[in-house]
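**Student:** Below are the structure tokens for one structure; questions will follow.
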There are 2 protein chains.
Amino acid sequence: MMTDVLGVWPENPHQARVLRLLRDDGPASRAELGEAVELSRSKAATEIDRLIERGLVETVGPAASRGGRRSSIVRIAGGTRFLSVSIGATSIEVAITDGELRVISRITEHTELRRGPTAVIGQALELVSKLRADSGTTRFTGAGIGIPGPVSYHEGIPVSPPFMPGWHRFPVREMFGTELGCPVLVDNDVNIMALGEKHAGIAKSFDDFLFVKIGAGIGAGIVVGGSVYRGANGCAGDIGHTAVDDNGPMCVCGNSGCLEAYFGGAALTRDALAAARSGRSDQLAEQLAEAGTLTALDVAHAAAAGDPVAIGMVRDGGRRVGKVLASLVSFFNPGMIVIGGGLAGIGHALLAEIRGVVYRSSLPLATGAMPIVLSEMGDQAGLVGATRMISDHVFTAADAPT
Amino acid sequence: MMTDVLGVWPENPHQARVLRLLRDDGPASRAELGEAVELSRSKAATEIDRLIERGLVETVGPAASRGGRRSSIVRIAGGTRFLSVSIGATSIEVAITDGELRVISRITEHTELRRGPTAVIGQALELVSKLRADSGTTRFTGAGIGIPGPVSYHEGIPVSPPFMPGWHRFPVREMFGTELGCPVLVDNDVNIMALGEKHAGIAKSFDDFLFVKIGAGIGAGIVVGGSVYRGANGCAGDIGHTAVDDNGPMCVCGNSGCLEAYFGGAALTRDALAAARSGRSDQLAEQLAEAGTLTALDVAHAAAAGDPVAIGMVRDGGRRVGKVLASLVSFFNPGMIVIGGGLAGIGHALLAEIRGVVYRSSLPLATGAMPIVLSEMGDQAGLVGATRMISDHVFTAADAPT
């Protein structure tokens, strides 16, 4: 998939498992690690020694005695640094984590995707340089990049992303890889958020679940067997253009009645402006007069303030999202659905509508024990997910020779 | 999952791979096998010798010389026998295959599921005894059982199958296992047909695809990474109860406007009888007068004969199936869709409607290279799929000791 820039990848599946365990569960004694990877004491010791020799793992101190020979505690090398870059519709967020994916420093800056990939990636790389200098980071073990549109994962390039002129087939991974000198993976923001929920969020103990992002657009991240399922062309999870009404409004995609033509940030903003200007909603009209513009989150505020038009908009949207999810629950039988993204901030009014439709319409066997919950990670999901993605990749053994 | 009844399972992943290769590709030289499983010549020889010692593999003769030491040709032991039992709504089909899943003998008999599991399974076991005697089979390496309803795969029991009184949570796997004295797996017929298409059908070279069965009901088998994806509760693939119209006819499931309430064997039969009796279709009225009853396939015949009402029924059905599949294509991004089951016999009129809707409505990136095709296996898909399922299971190594 890519060449090993730094030569620090694990040499075999046992070493890879040790690294992932230390990443996910923190420092552990050699004895515990040996048990966890199901190796004999001497074999485990050999692999751990080799990881220490190669600078991937370090000894912290002696373990509490469990009788017999004393064990020592090891951890992922303290100097391990992963980079996370989340490019959003209007912002870039850059973060540096340690080997256990804990954030060491982060920075966010406004951007405009329509300035094109060279300018935006240049801006991101400047932020990286700044963070690097501030935190004294000399090199990264790997970098995960999220962008808000369809990505050909294996090539590391965006494919026909809407509202991103100039980004189609731009070599995003290559550009970051060349500048950073470390392994880089690029994926769309929804898949990355799903991975974040798997790593540190409410879906931590679930292997098969759906992450549904409701923001400017609506998309799903599909997790199967603990990994992101990307489909034959890498575009699995597109639910924003599911037809919910054949006679509905025209969508930017060219079809009519798509879910996104009714709900999501763009549709809500359009409806909110119409309700404010037509005088149907005094609350929204007031908010418009005050701020000079309205966003989707103003609808959430108006709904929370009891405005009936805004409440109706949230309910209609939740019902339509629920209708699409109901079919997917019967089809995919996920263990859980996590709702995230900017509009998840609308909160329980939205969740209640979605739950109502899904629990009423899906196959009972599929909904029996299936929770539908709001993400608790917020914007951390993408940040953590990007480093989870690249560390999963880096902490994978090359094919072991036999 | 189950105990090893016969003690003939592979001892490690290398042996398991050798067995699967010999099953799928037929006899091979030791040298070829060694290369295919990426083992050194001496290591491969050790594993193959061990398989021969244990009676799983046998030598057929010398291989053509490739220079150097002569290799010999081996194959799966000639006496290997797998059993396939497909329980359908109105028939039982039993077949015996060899280790390469080629059918040695088969038999089909009418049955009535409503007679209950004890009677129907008893009938199936009698057919097995008959085939066994005719073919001189002394023991089975494993048996795969398909039933036409939801199955808890890990328990081997049906769960709330519609129109199957007495089958809910009946220990189907246990009953077959006790009588046959070999490993048994039970799954629903759609998943098994999907596996058959993967093994020997048009989907052979696809790892991620959808198999859609249109018969009495409508269901999907989901293949991810070459294996059946069953979901959190084992009921993934239920697409028959996707709502295609909120104001549609009542469905047996209690919701209204489900796909199956419009299309599939039961709905077509209902609509065909209505069209014949109301005089809207002379063709169907004639067929009804002749045969005394109508089935879904009479609609296919009437449509083929140019009857406009029947053609309309096929088109409407295809359009609704297409609508449901269009959403799933955007969501799941399969590499291919295979249409099978009894009503696939309607053929290209149905296929054309489905294609029209899916190619028009799904995400272009997802449909770009995705074929939508009719199964060419017919009723062989279930037969082969059941033996593929159980042989995959039997030809899997127990956890190798380290």
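Coordinate-derived values only; no laboratory data. Computed from a prediction, not measured in an experiment: that's the story for all the values here. Neighbour counts are summed over all protein chains in view; Cβ atoms, including those assigned to glycine, are modelled from backbone coordinates with ideal geometry.
**Student:** Find out how many positive minus negative residues lie around residue A:86, taking Lys and Arg as positive, Asp and Glu as negative, among other residues whose Cβ is under 14 Å from that of residue A:86. The partial results should precede the final answer.
**Tutor:** Working: positive: A:106, A:213, A:388; negative: A:93, A:109, A:187, A:189, A:379.
Local net charge: -2.
**Student:** Residues with amide H under 5 Å of residue B:339's amide H, sequence separation 5 or more or different chain, H placed in the peptide plane at 1.01 Å from N; which?
**Tutor:** Close amide H contacts, sequence-distant or interchain: B:212, B:373, B:374, B:375.
**Student:** Give me Rg/Rg_expected for chain B, where Rg uses Cα atoms only and Rg_expected = 2.2 N^0.38 Å with N residues. Walk me through the numbers on the way to the answer.
**Tutor:** Working: Rg = 23.2 Å, N = 402, 2.2 N^0.38 = 21.5 Å.
For chain B, the normalised Cα radius of gyration is 1.08.
**Student:** Percent of Cα-Cα pairs per 5 Å bin, from 0 to the last occupied bin, for region B:248-331, please list those.
**Tutor:** The calculated distribution, bin by bin, is 3, 16, 24, 21, 16, 11, 6, 2, 1, 0.
**Student:** Which ³J(HN,Hα) values, rounded to whole Hz and listed in residue order, are derived for region B:335-351 from phi using the Karplus coefficients 6.51, -1.76 and 1.60 in 6.51 cos²θ - 1.76 cosθ + 1.60 with θ = phi - 60°, glycine and proline given as x?
**Tutor:** Those phi angles translate into x, 6, 10, 10, 9, x, x, x, 7, 4, x, 4, x, 6, 5, 5, 4 Hz.
**Student:** Same structure, new question: When each copy gets a label point 7 Å from Cα toward the beta-carbon at residue B:306, what are the spacings between them in nm, shortest first?
**Tutor:** The answer, with the shortest distance listed first, is 7.0 nm.
**Student:** With all pairs of different alpha carbon atoms counted, what Kirkwood hydrodynamic radius in Å does the protein assembly as shown show? All intermediate terms of the calculation are to be shown ahead of the outcome.
**Tutor:** Numbers: mean 1/r = 0.0342 Å⁻¹.
Evaluated on the protein assembly as shown, it is 29.2 Å.
**Student:** Per residue of chain A, what 222 nm ellipticity follows from adding -39500 (n - 2.57) for every DSSP H run with n ≥ 4, rounded to the nearest 500? Let's see the in-between values first.
**Tutor:** On the way: 14 runs with 167 residues, N = 402.
Value at 222 nm, helices only: -13000 deg cm²/dmol.
**Student:** Rg and Dmax in Å for region B:65-182, alpha carbons only: what are they?
**Tutor:** Rg then Dmax for region B:65-182, in Å: 17.6, 65.
**Student:** Taking beta carbons within 10 Å but only from partner chains, what does the mean come to for residues B:242-248?
**Tutor:** Numbers: counts 9, 7, 1, 1, 3, 0, 0.
The shielding value for this peptide is 3.
**Student:** Can you list the distances in nanometres, one decimal and ascending, from the residue B:118 label point to the identical position in each other copy, with the point 7 Å along Cα to Cβ?
**Tutor:** Relative to the other copies, residue B:118 has label-point distances of 8.1 nm.
**Student:** Charges at C-beta only: +1 for Lys and Arg, -1 for Asp and Glu. How large is the resulting dipole of the protein assembly as shown about its Cα centre, in Debye rounded to 20? Each step should come with its number before you reach the end.
**Tutor:** Details: 72 positive and 84 negative charges, 243 e Å.
I would put it at about 1160 debye.
**Student:** Treating the beta-carbon of each Lys and Arg as +1 and of each Asp and Glu as -1, no other charges, what is the dipole magnitude of region A:134-198 about its Cα centre, to the nearest 20 debye?
**Tutor:** Numbers: 4 positive and 7 negative charges, 20 e Å.
With only Lys, Arg, Asp and Glu charged at Cβ, the dipole is about 100 debye.
**Student:** For region B:325-400, what's the radius of gyration and Dmax over Cα atoms, in angstrom?
**Tutor:** In Å, with Rg to one decimal and Dmax whole: 16.2, 52.
**Student:** Using +1 on the beta carbon of Lys and Arg, -1 on that of Asp and Glu, and nothing else charged, what's the dipole of region A:257-402 about the Cα centre, debye to 20?
**Tutor:** Numbers: 10 positive and 13 negative charges, 107 e Å.
Here the size comes out at about 520 debye.
**Student:** Place the label 7 angstrom along Cα→C-beta at residue A:359 and in each other copy, then list the distances from the first to the rest in nm, shortest first.
**Tutor:** The answer, with the shortest distance listed first, is 4.4 nm.
**Student:** As an exercise, identify the trypsin sites (Lys or Arg not before Pro) in region B:276-339 lying in DSSP coil whose Cβ has no more than 15 other Cβ atoms within 10 Å.
**Tutor:** Values: sites: B:277, B:280, B:315, B:319, B:320, B:323; in loops: B:280.
Answer by residue number: B:280.
**Student:** Quick one: Cα convex hull volume of region B:204-376, Å³ per residue?
**Tutor:** Details: hull volume 21.4 nm³, N = 173.
Taking the convex hull of the Cα positions in region B:204-376, it is 124 Å³ per residue.
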